[in-house]
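Beneath this line is the structure, given in structure tokens, with notes to follow.
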Amino acid sequence: MAAKGTRAAALVYDAAGEVLAGTIGPASFRMSAYSGGSRGHRAGVKPGLANQYLHNQAATLSSHLATTREIKDSQGKYKQRGGTLPAGHYACHYIAHHHTFGECIQLLRMADAAAIYTPFYPHPIPHGRGNDFFIHGTGPKGSDGCIGPAIEAERFRLNKAVKHFRGKVVLEVRNVSYLLPPELEHQVA
């Protein structure tokens, strides 16, 4: 991953197990974290907001698929929540003051996270998901693919570790589910 002489740290997000783990310098992490389908929303949200943010989609199959896109209507209301973060590697970049999330970690997609790689098809399959993914706190909305750690204190400890690490921090996302595009069904054995 890193060039010769460059310090690197590794994190792994297991999407199926909903666990974010790894080591950055002297700090080790293993925490529950959620991605996609409104999972990771703060408990106790008023029913009106829960309906608006489609919290009922958290338990659906589509909310666990990296190919599920966020869909909103012309007024910006959710029609479908985005699925989990696509598999691959992401460079972690500390942000002190994001306009929506405050202090967070931006996940900068690397080449292998730009598409789905499957043994059932000889070419990468574009997943159609955007580039704006983060590790941020929970809120009334929940996740459309970003990673939301369950415990806020652990998220702040992770932010601090990424901020102060003098090298590259790389997140690998594993164990992600997806659907193959319908146009490939006739080609898949």
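Test Pro149 against the stated conditions and say whether it is within 23 Å of His99 (Cβ to Cβ), surrounded by 22 or more Cβ atoms within 10 Å (Cβ to Cβ) and either modelled with pLDDT of 85 or more or out of contact with any Cys (no Cβ under 9 Å at 6 or more places or on another chain) (or both). Walk me through how you get there before you give the answer.
Values: within 23 Å of His99 (Cβ to Cβ): yes; surrounded by 22 or more Cβ atoms within 10 Å (Cβ to Cβ): yes; either modelled with pLDDT of 85 or more or out of contact with any Cys (no Cβ under 9 Å at 6 or more places or on another chain) (or both): yes.
Yes.
Give the residue that is nearest to Val169 (Cα to Cα), with candidates limited to residues of segment 17-44 that are of a type in the set (A, V, I, L, M, F, W, C) and at pLDDT 95 or above.
Among them, the one singled out is Ile24.
So, in segment 21-30, of the ones that are touching a residue at least 12 places away in the same chain (Cβ under 8 Å) and either small (Gly, Ala, Ser) or in a helix (DSSP H, G or I) (or both), which residue ends up nearest to Thr138 (Cα to Cα)?
Once the filter is applied, the top-ranked residue is Gly22.
Can you find a residue in segment 53-63 that is surrounded by 13 or more Cβ atoms within 10 Å (Cβ to Cβ) and farther than 21 Å from Ser177 by Cβ?
The first filter runs over segment 53-63 and keeps only residues surrounded by 13 or more Cβ atoms within 10 Å (Cβ to Cβ), leaving 53-58, 60, 62-63.
Remaining after also requiring farther than 21 Å from Ser177 by Cβ: 53.
Checked against the condition, which is being surrounded by 13 or more Cβ atoms within 10 Å (Cβ to Cβ) and farther than 21 Å from Ser177 by Cβ, segment 53-63 yields at least one hit.
Mind checking which residues of segment 46-59 are within 22 Å of Phe134 (Cα to Cα) and not in a helix (DSSP H, G or I)?
Within segment 46-59, Tyr53, Leu54 qualify.
Please go through segment 115-137 and pick out each residue that is surrounded by fewer than 20 Cβ atoms within 10 Å (Cβ to Cβ) and touching a residue at least 60 places away in the same chain (Cβ under 8 Å).
Of everything in segment 115-137, those that are surrounded by fewer than 20 Cβ atoms within 10 Å (Cβ to Cβ) and touching a residue at least 60 places away in the same chain (Cβ under 8 Å) turn out to be Thr118, Phe120, Tyr121, Gly128.
Looking at Ala33, Ala91, Ala111, can you tell me which residue is within 29 Å of Gly167 (Cβ to Cβ) and without any contact (Cβ under 8 Å) to a residue 24 or more places away in the chain?
None of the other options fit; the residue is Ala111.
Looking at Ser63, is it among the hydroxyl-bearing types (Ser, Thr, Tyr), out of contact with any Leu (no Cβ under 8 Å at 6 or more places or on another chain), farther than 25 Å from Lys160 by Cα and not in a strand (DSSP E or B)?
Judged against the criteria, Ser63 is a match.
Got at least one residue in segment 32-49 being aliphatic (A, V, I, L, M) and either in contact with a Cys (Cβ under 8 Å, 6 or more places away or on another chain) or crowded, with 21+ Cβ neighbours inside 10 Å (or both)?
yes
If the requirement is being in a strand (DSSP E or B), within 19 Å of the chain's Cα centre (by Cα) and more than 29 Å from Leu179 (Cβ to Cβ), which of these qualifies: Tyr13, Tyr34, Tyr94?
Values: Tyr13 fails: more than 29 Å from Leu179 (Cβ to Cβ); Tyr34 fails: more than 29 Å from Leu179 (Cβ to Cβ).
Of the residues listed, the single one that is in a strand (DSSP E or B), within 19 Å of the chain's Cα centre (by Cα) and more than 29 Å from Leu179 (Cβ to Cβ) is Tyr94.
Name the single residue, out of those in segment 71-87 being basic (Lys, Arg) and either touching a strand residue (DSSP E or B) at 6+ places or on another chain (Cβ under 8 Å) or under 26 Å from Ala16 (Cβ atoms) (or both), that is surrounded by the fewest Cβ atoms within 10 Å (Cβ to Cβ).
Per the criteria, the residue is Lys79.
The values are calculated or read from the model by the stated rules, or taken from the named source; none is laboratory data. Given the structure is predicted, the values throughout are model-derived calculations rather than measurements. Using ideal geometry, Cβ is built from the backbone for each residue, glycine included, and neighbour counts are taken over all protein chains shown.
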